[in-house]
1. Relative to the longest principal Cα axis of the chain, at what angle does helix 269-279 sit, 0 to 90 degrees, rounded to 10?
2. Reachable lysines from Lys167, Cα under 27 Å, same-chain residues fewer than 8 places away excluded?
3. How many percent of DSSP beta bridges within the chain run antiparallel, rounded to 5?
4. For region 272-360, state which trypsin sites (Lys or Arg not before Pro) are in a DSSP loop and have at most 10 other beta carbons lying within 10 Å of their beta carbon.
5. With θ set to phi - 60° and the Karplus curve 6.51 cos²θ - 1.76 cosθ + 1.60, what are the ³J(HN,Hα) couplings of region 213-223 in order, to the nearest whole Hz, using x for Gly and Pro?
6. Taking DSSP loops as anything outside H, G, I, E and B, show the longest stretch in the chain free of GluC sites (Glu not before Pro) there with at most 13 other beta carbons within 10 Å.
7. Suppose R0 equals 45 Å; then what is the FRET efficiency for Ala146 and Asp232 from their Cβ-Cβ distance, rounded to the nearest 0.05?
8. Taking a virtual spin label 7 Å from the Cα of Glu266 along the C-beta vector, which residues in region 278-292 bring their backbone nitrogen under 19 Å of it?
Amino acid sequence: MSKGNTDTVNQDTVNGNNSRDTSEFDAVIVGGGMVGTTLCALLVEAGMRVALVEAQEAPVRLETLDLNQPAPRVSALTPVSQRLLTHLNVWPAMAAARVTPYHFMHVWDGEGSGEIRFSADEAGVPALGHIVENQVTLAALNDLLAGHPKVTRIDGARVEALQTSAKGRWLVLDKGRELHAPLVVAADGARSVLRDLAEIDVSEDDMDQHAVVTTVRCEKPHGGTARQVFRDGEPLAFLPLTIAGDDHYCSIVWSTSPKRAKVLCEFDADALGEALGRAFEHRLGKVEVCDSAYRFPLVQRHARRYVQPHLALVGDAAHSIHPLAGQGVNLGLMDAAVLAEEVVQAWRRGAPWGSEAILRRYERRRRGDNAAMLGLMKGFKLLFGAEHPALTLARNVGMSGMDRLVPLKRVVMRQATGERGRLPASCR
Ligand SMILES: Cc1cc2nc3c(=O)[nH]c(=O)nc-3n(C[C@H](O)[C@H](O)[C@H](O)COP(=O)(O)OP(=O)(O)OC[C@H]3O[C@@H](n4cnc5c(N)ncnc54)[C@H](O)[C@@H]3O)c2cc1C
């Protein structure tokens, strides 16, 4: 396999009557979400030629974002994810748009006395993480890729077929275009079409909850603290957002039964504000809802394999996780960084970067970490959903006991901030 294939566009005739564009790349990524665009940025940074296929018509860009109104979808980005985005030089643009650091975390049991607090000082880091609107991260990445000579963006396109050849994979898009590459990556989210086309099985664990998200303004300032209360096994998070210097805003993620989620989304702003304030024990005073409420079904999925010859899954296409610990996109960004590291190393030395042997290295480095995190979220949900008095006691004693054990808290914090295992060079 030669290094750095040229982007050739051939006119082929398929079935004798259909004229198709055929283009060749070093890699094709399907899905231009946060994970797919990060992977694309890492591969083209090394000099690879990449096609990025995205179903949506127009990529979000920073200059066209309306920052007056906070977006409802946010992520808590860990310091390790921040380092990756800094390595790509997109963090400064994100910070100039809007990121909100949090220096403290406070988690408590709404039905008992257990509570635990974490601080950046204790963890020895400048911040435990940042709350960032997904569209800010994505727009900064799209800005980076815009006009990049190694990137071919194909927006508003869907994959219709996936075929295998001796040297790689063929992707057939709607509108008759064909793409060929030694490596095709599925970054097309939790309901990955590519994963289905490759017939990769997934284990599914319906969490029987929907996440309700919205933005609120509270009577009291958030104080740079990410807060979460558990009640009836339902985590309710108030994540700090500072908008134009006003530190009274919070992004809400309330994981609750599908039935209750539906009711909450149908409430008017006053009723929803009251329900949120009550469930949150009015810790930040009166709650004023500033946006509509949206809900997302929570299903944990894990692909049984991440790779096949010439094909790899990353991000939510490989695993989707309960949002209670805010890890989903952080795991996906780590997939992108590790896959890029393995693939670029092979590409640089002229090795077949899409071969199963190379891709398996990525799978070995990522699957265990993702599986551990998925298992942990399931355990949390069971423990906090438990009504058995022994489990309630264990929960309360465990939380408060751990709160007093600073060394143990440091270990937990290192895990939560993404400092796990051998990190790729782009994240160190
Ligand atoms: C309520 C909620 C709160 C969350 N909070 C956090 C948090 O605090 N921290 C955190 O780390 N994670 C969080 N997550 C998880 C996080 O949002 C996801 O893990 C992350 O968005 C996954 O990114 P992705 O790029 O893999 O997939 P996606 O964001 O789903 O992107 C997939 C992309 O592929 C495109 N696409 C889909 N199908 C096709 C196709 N056939 N052809 C071409 N393109 C296609 C889509 O248009 C989309 O752009 C949360 C999730 C939820 C639901």
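1. Once rounded, the angle reads 70 degrees.
2. Leaving aside lysines fewer than 8 places away in the same chain, those within reach of Lys167 are Lys3, Lys150, Lys175.
3. Once the DSSP bridges in the chain are tallied, antiparallel ones form about 70 percent.
4. Listed in order of number, the matching sites are Arg304, Arg349.
5. Here the 3J(HN,Hα) series is 10, 6, 10, 10, 10, 9, 4, 9, x, 6, x Hz.
6. Segment 58-198 is the longest.
7. Computed FRET efficiency for Ala146 and Asp232: 0.45.
8. 292
Bear in mind that the values in this text are calculations on the coordinates, not laboratory data. Nothing here was measured: the structure is a model prediction, and the numbers come from that model. Backbone-built Cβ (ideal geometry, glycine too); neighbour counts: all protein chains shown.
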